[in-house]
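Engineer: Quick one: this structure, given as structure tokens, is what I'll be asking you about.
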Amino acid sequence: MKLIEEGRNFGFDTRQVHAGARPDPNTGARAVPIFQTTSFVFEDSESAAAYFDLKEYGNTYSRIMNPTVAAFEERIANLENGCGAVGFASGIAAQVAALFTILEPGDHVISSSAIYGGTINQFKHQFHKMSVEVTWVNPDDLDAWRQAIKANTKLFYAETIGNPTGTVLDIESVAAIAQEYDIPLMMDNTFASPYLCRPIEWGADIVVHSATKFIGGHGTSIGGVVVESGKFNWSNGRFPVMSDPSPAYHGLAFHATFGMYAYLMKLRSETLRDLGAAMSPFNAFLFLQGLETLSLRMDRHVQNTLAVAEYLDQHDMVSNVMYPGLQGSKYKPLVNKYMPKGAGAVFAFDIVGGRQAGQDFISGLTLWSHLANVGDTKSLVIHPASTTHRQLSIEELADAGIGEGTIRLSVGIEEINDLIWDLDQGFSMVKKTT
Ligand SMILES: *Cc1c(COP(=O)(O)O)cnc(C)c1O
């Protein structure tokens, strides 16, 4: 489907089904085929050489690119309003590659402190080994972002909806500060999905996703993706890795050669080539299936989540509900601005009675699955203090915004009455044991 040539701006729901996909020219297959092949036969020696010189763009080896993965990349880039995308084996792999492409030893990053635990580990341990220093800021505090900037600051990093406390980033304001200092803003948009929020439209430069979550949507496949706006000026003096000749690609100067595609070309032809965490064609196929129903699922996720959050908000065994979509949330004005279709389907609440009540509540549930994932059609629940954050002291838990009685939900697309019936069973179990 020629989305641009036809001169029509197709709506999101049309693009989530069609973008990046065309009937297969050889077979007429309507669905995107799974190109389960490691490599591709060159037409002749000249075109082979041109591919390896990056003078022509073509398939060589599935670690670097693959037609099924390319269809997924084109679709997600279209939905996020970016200029292109590169798929990866996991969300964590997408992030590390996105960061590796621009960071060098001695560089400095400013990151929101309200982010996914795996990303905190990545910065604290892996990037620390590379001598990259991170300053953590409260994402709501605009002055803190500005005051943390140094001569060697190369990146602002944040999540659209923070984990697990449900902070919502004032994207436009943070992006304006980044822009003033020629620093790119990278955002993890996993919890919102491109249906609820598109950070690039508010000034973000790079968007990363764990496709494992709402994009795949059915809890079947691990994957990740990086999207770029194509608007950042990589020749502003702060990024010699992008503007100077690259020793990793026989002296190619990426920004001068590829212009708006420079970052993505470097991400693919150097970082993905050397780190090797490629998305499998089969997973790309499943992510394409997931994207086709993204808006339908997200509408139902959001509708169920609001009902669950309102039910918990009036419950006498609940002391706090951290859903930014609730009328009383301090983030509601930001939700109205950046996510008018809803604040996603993942949030936490505090149960009265602490650690024991949290564990008892979970043991009383039958429909909600107790596990460490989010963004599935199936409803999921976890008690961080007794599982993922078990090793932390009460003080460390508090720093992460987690209490002993904090429970995190990822609300699925089942019947709302059944979901609430099951939560009632959880509360009954707490009452029975106390
Ligand atoms: C799950 C998750 C990740 C990591 O993605 P994987 O696919 O598990 O590697 C990163 N960010 C957020 C917000 C996530 O929820």
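Conditions (1) loosely packed, with under 15 Cβ neighbours inside 10 Å; (2) under 30 Å from Pro384 (Cα atoms), marked per residue:
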{"site": "Ile34", "(1), (2)": "no, no"}
{"site": "Thr37", "(1), (2)": "yes, no"}
{"site": "Asn59", "(1), (2)": "no, no"}
{"site": "Leu103", "(1), (2)": "no, no"}
{"site": "Ile110", "(1), (2)": "no, yes"}
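Engineer: Follow-up. Does Leu371 satisfy the condition of being open to solvent by 10 Å² or more (accessible area, probe 1.4 Å), assigned by TED's automatic domain parsing to the domain that holds Ala192 and either within 16 Å of the ligand (Cβ to nearest atom) or small (Gly, Ala, Ser) (or both)?
Structural biologist: no
Engineer: Within the range 80-100, count every residue that is surrounded by fewer than 23 Cβ atoms within 10 Å (Cβ to Cβ) and more than 24 Å from Pro164 (Cβ to Cβ).
Structural biologist: Count: 5.
Engineer: Looking only at the range 39-57, filter to residues that are within 30 Å of the chain's Cα centre (by Cα) and closer than 22 Å to Val226 by Cβ; which one of those is surrounded by the fewest Cβ atoms within 10 Å (Cβ to Cβ)?
Structural biologist: So the residue we want is Tyr57.
Engineer: Suppose we filter the range 339-357 for residues that are more than 16 Å from the ligand (Cβ to nearest atom) and either surrounded by fewer than 23 Cβ atoms within 10 Å (Cβ to Cβ) or aromatic (Phe, Trp, Tyr) (or both); how many remain? Step through it out loud before you land on a result.
Structural biologist: Initially, the range 339-357 is screened for residues more than 16 Å from the ligand (Cβ to nearest atom), giving 340-342, 349-357.
From the residues that got through so far, the ones that are either surrounded by fewer than 23 Cβ atoms within 10 Å (Cβ to Cβ) or aromatic (Phe, Trp, Tyr) (or both) too are 340-342, 349-350, 352-356.
Count: 10.
Engineer: Does the range 201-215 contain at least one residue that is at pLDDT below 95 and open to solvent by 10 Å² or more (accessible area, probe 1.4 Å)? Write out each step before concluding.
Structural biologist: Of the residues in the range 201-215, the ones at pLDDT below 95 are none.
For the range 201-215, residues at pLDDT below 95 and open to solvent by 10 Å² or more (accessible area, probe 1.4 Å): absent.
Engineer: If Ile149 satisfies all but one of (1) surrounded by fewer than 18 Cβ atoms within 10 Å (Cβ to Cβ); (2) assigned to a helix (DSSP H, G or I); (3) in contact with a strand residue (DSSP E or B) (Cβ under 8 Å, 6 or more places away or on another chain), what's the number of the condition it fails?
Structural biologist: (2)
Engineer: Taking the range 112-145 as the region of interest, how many residues are more than 24 Å from Ser210 (Cβ to Cβ) and within 16 Å of the ligand (Cβ to nearest atom)?
Structural biologist: 0
Engineer: What residue, of Ile402, Ile394, is in contact with a Pro (Cβ under 8 Å, 6 or more places away or on another chain) and at pLDDT below 95? Spell out how you get there, then give the answer.
Structural biologist: Details: Ile394 fails: in contact with a Pro (Cβ under 8 Å, 6 or more places away or on another chain).
Every option except Ile402 fails the conditions.
Engineer: Let me ask something else about it. Kindly list, by first and then second residue, each pair from a residue in the range 146-166 that is touching a residue at least 24 places away in the same chain (Cβ under 8 Å) and more than 16 Å from the ligand (Cβ to nearest atom) to a residue that is among the small types (Gly, Ala, Ser) and open to solvent by 30 Å² or more (accessible area, probe 1.4 Å), limited to pairs with Cβ atoms under 7 Å and residues at least 6 apart or on different chains.
Structural biologist: Asn152/Gly106
Engineer: Taking into account only those residues within the range 218-248 that are away from the ligand (no atom under 13 Å from the Cβ) and open to solvent by less than 20 Å² (accessible area, probe 1.4 Å), which is modelled with the lowest pLDDT?
Structural biologist: By that ranking, first place goes to Ser246.
The values are calculated or read from the model by the stated rules, or taken from the named source; none is laboratory data. The shown structure was predicted, so the numbers you read here are calculated from the model rather than taken from an experiment. All Cβ positions, glycine included, derive from the backbone under ideal geometry; neighbour counts span all protein chains shown. What goes into the accessible areas is simple: the full protein's heavy atoms, side chains included, and nothing from ligands, DNA or RNA. Shrake-Rupley method; radii C 1.70, N 1.55, O 1.52, S 1.80 Å.
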